[in-house]
Every structure is written in structure tokens, then in C-alpha cells.
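Written out below as C-alpha cells is the structure these notes cover.
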Amino acid sequence: MNQRLGFAALAASACGALGAANPAQLTVTPESGLIDAPFHVELRNVLPGVRVTLSAARPDARGRTWTAVGEYAADARGRVDVDLAPSLGGSYEGLSPHGLWCSALPVAPDRLPTYIAELPTHPEMGTAPELEVTGEYRVALSASIDGKPVASATAVRSYGPPAATQDVTAAGGVRAVLYSPPAGVAAQVPVVVLAGSGGGLPRAQAALLAAHGHPALAQGLFAYQDLPSSLRAIPLESIRAGAQWLEQHTGAKRVAVMGTSRGSEGAGLAASYFPQDFAAAVGIPFEKMNGPVLAIGAGADQMWPSFIGAERIRERLIEHGRPESAEVHVYPGAGHMITRVGYGGPLSSFVFHPVAKDFEATGGLPNANCEGSYDAWDQVLRFLSRINVDVTDGGKPP
């Protein structure tokens, strides 16, 4: 009996010494980056097989705290790599490398049913953190075992250095805000960015594009300043006027146009009827377009069958002898919000529509929405980087 007690004490002493020499270490890579940067979380120096809880808390633009939580089993080396380890519980389950960003909730996971029940009468509570493009968001991460903290870390995410912005009111009905790349960032192809059925300005996408070197004109089509209050009879000439203003401002021969949801219709139609002004489109194209097109669809889209539309775009361009002009990406388990990078928590399958003033189903599974959004945005950046030659050499497809 005494020998067993002595052995137990010795073992405990040895573990304590090991822990003192090699304390648990929690890291986030990159520690500071853009909203679209990877969120690689790794914990080291814990006992193999131990169950670990990782949490990531961050504020939104309204000062509310949103927290993502995952539970994991440490591997044989005493590590938890969120890129490789599935979450066993918390605010998301399964494998999702960006899960500790996407799955953030304003309440503890066990209180989520009550929160959802209150949303119909309090839609202002929201289904995702509200982020301002001018904000810098500090994420506080912690690791705990059996309820006791063992390590912590901090990460920062933003839409980039403070960008130079310019309110634009120009002839032809142009009402927009220009986001210019920060100093030191190589200039890329300029982009006209159009919002969807929610109206207003697509500020987040434009700001991120600018951070990557693209002068981006976030152009309103409706529900902004003195523009129409609804998406009806919007003249395509106003989109062309925006492109011409951006061409004159940047000196580009042509620009790209990007639209999401209903904005993709405007993007595709404008690029079709005014091909001389557009080098490429991220939206719905037509065979008359003089440039390549990127079409992104979601297989679980509950607002409209975007995956079918994306494939029909490819088929139509093939029928007209232009197979090389279409680049199509379809995300089978993702929903309508696929183009909102970092969106994919437990509440990501529905959203409060600012124009309809009610909740609408957008579809998709949380992890598919999350990871699909990062990949889709990466495809947008890759696509735009490849068409820079189009702008400088007269618009020839790559």
C-alpha cells in the first residue's frame, strides 16, 4: 500500500515537473491578419488523449461579445491542431479549420434554443457578429482542461490598414464609395462591386478587395442615398457609368465587375451589354461578354438554385465556343451566403432581410458555409489576379 502511494506521489511529481518545464502553449497563425486570413489554432504540451476546451471571444461593432467554443481530444503528441482535429462539442462539431472564427455565438451553446426563440420578436439581436470595415477586432483565445485555464493567446483581425475612401456622386446615377489600396500594396485590377437584394453598399467586400490591391468601387443600386428604394427598373447604364468613372480615376482600360445574389444579375447584364468597359465578371455572364467570368454556386442554397445557374453559365459558354471563358465553383453543402467570408455559424442557415423585414432561409450546413466561404473568396482573389493582363493588354482573355 505504501509502495503504491509512493509511486503515485512520484508520478504526480514527475508530471508536475514536466508541466513546469513545458507549459501548455496556445498559438494562432497568423496572429494578426485580414478577415479573410486563415485562423489556425494549435495547442501544444498537454497530456495525450486529454479533453481540451478551446474558446475564442471577440467583440462586434455594437460592443457585444461573440464566443466560439470547441472541444477536442489531444493527439498522441499532446497537441490539438484545429485544422486536423474535429470538435466533439461546443458551438460547432466536426472538422472545420476556421470553426473557432465562424461559429461564434452571443450566448453559450446550451442557451442557443432560447436565443433563437427570441429572434422573431427581436431581430436586432442578429445571426452573426456585426463588423465595421474600419474596425480592428481582437480575439481572446483560451484553453482549459476540466474547467481550469491552461493557456491563452490573442489574435487580431481587420479589413486591412485604414483605407483611403472617397464618396462618389457622379453623372449617370453613380452613388458609391471608392476604397483605395493602402500605401505599399501593389495595384491590381479595379473592381466595381454590387450588392444583392439587401441594397445599400457592399462595403465589406470592397474594403477587402482594396486591402488586396484592388481599387474597389462599392456602388449602390438601390436603398442608398437618393437611389430608388427597391430593386426595380435599375438602369444598367448606371453600372456602366460607375465603371467609366473607375476607369478614369485609375487609368485602367477596363475594370472587373462583381455582384453577389441579385447583384450578380446586374453585373452579368452590364458586362454583356457594355463589354468595352468590363474586363471580367464575378456573377452571371452572357456569351456577349468580352472577358472571363467566375461563377460561384452553392448546392444547398435555399434562396435560389445558384448551383444550377452556375453550371448553366458554363454550358452556355461552351455552346457558344468559349469554354475557356468560364470558371465555375460549386460548394455542395453551402448556402446562399457563400460569398460572405467567415460566415458559417450555427445561425448561418437563415438571415434577417433588411428590405423584406423578415427572416429568410439561406440554407447550408454550418461547417460547409464556413469553409466554403473562405475557399470561394480565395477563388475570387485568384481569378482577379489572373485578369490583370486583360486590363493592360487590351482585354484579351488569358
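The values are calculated or read from the model by the stated rules, or taken from the named source; none is laboratory data. Small disclaimer: the values here were computed from a predicted structure and weren't measured. Cβ: placed from backbone, ideal geometry, glycine included. Neighbour counts: every protein chain shown. We work out accessible area using only protein heavy atoms, side chains counted, and drop any ligands, DNA or RNA first. Shrake-Rupley method; radii C 1.70, N 1.55, O 1.52, S 1.80 Å.
Summary of values
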{"item": "Where a residue in the stretch 241-257 is on the phi > 0 side of the Ramachandran plot and its partner, wherever it lies, is assigned to a loop (DSSP other than H, G, I, E, B), with Cβ under 6 Å and at least six apart", "result": "none"}
{"item": "Sole residue being on the phi < 0 side of the Ramachandran plot and in contact (Cβ under 8 Å) with a residue 40 or more places away in the chain, chosen from Arg77, Arg44, Arg138", "result": "Arg138"}
{"item": "Checking Ser91 against (1) over 17 Å from the mean Cα position of the chain (by Cα); (2) open to solvent by 20 Å² or more (accessible area, probe 1.4 Å); (3) among the polar types (S, T, N, Q), the condition it does not meet", "result": "(2)"}
{"item": "Of residues in the stretch 376-398 being farther than 15 Å from Ala281 by Cβ and small (Gly, Ala, Ser), the one modelled with the highest pLDDT", "result": "Ala376"}
{"item": "Residue within the stretch 331-351 that is among the charged types (D, E, K, R), under 28 Å from Pro86 (Cβ atoms), modelled with pLDDT under 95 and crowded, with 19+ Cβ neighbours inside 10 Å present", "result": "yes"}
{"item": "Among the residues listed as Asp110, Asp167, the single one being over 17 Å from Glu42 (Cβ atoms), out of contact with any Ser or Thr (no Cβ under 9 Å at 6 or more places or on another chain), assigned to a strand (DSSP E or B) and open to solvent by 60 Å² or more (accessible area, probe 1.4 Å)", "result": "Asp167"}
{"item": "Residues of the stretch 213-259 that turn out to be over 24 Å from Pro182 (Cβ atoms) and among the polar types (S, T, N, Q), as a count", "result": "5"}
{"item": "Residue within the stretch 149-161 that is within 28 Å of Leu236 (Cα to Cα) and either open to solvent by less than 20 Å² (accessible area, probe 1.4 Å) or among the acidic types (Asp, Glu) (or both) present", "result": "no"}
{"item": "Number of positions in the stretch 180-193 that are open to solvent by 10 Å² or more (accessible area, probe 1.4 Å) and either assigned to a strand (DSSP E or B) or under 18 Å from Gly33 (Cα atoms) (or both)", "result": "7"}
{"item": "Residue match in the stretch 97-119 (condition: at positive phi and in contact (Cβ under 8 Å) with a residue 60 or more places away in the chain)", "result": "no"}
{"item": "Extreme residue, farthest from Ala207 (Cα to Cα), among residues of the stretch 150-164 that are of a type outside the set (A, V, I, L, M, F, W, C) and assigned to a strand (DSSP E or B)", "result": "Ser152"}
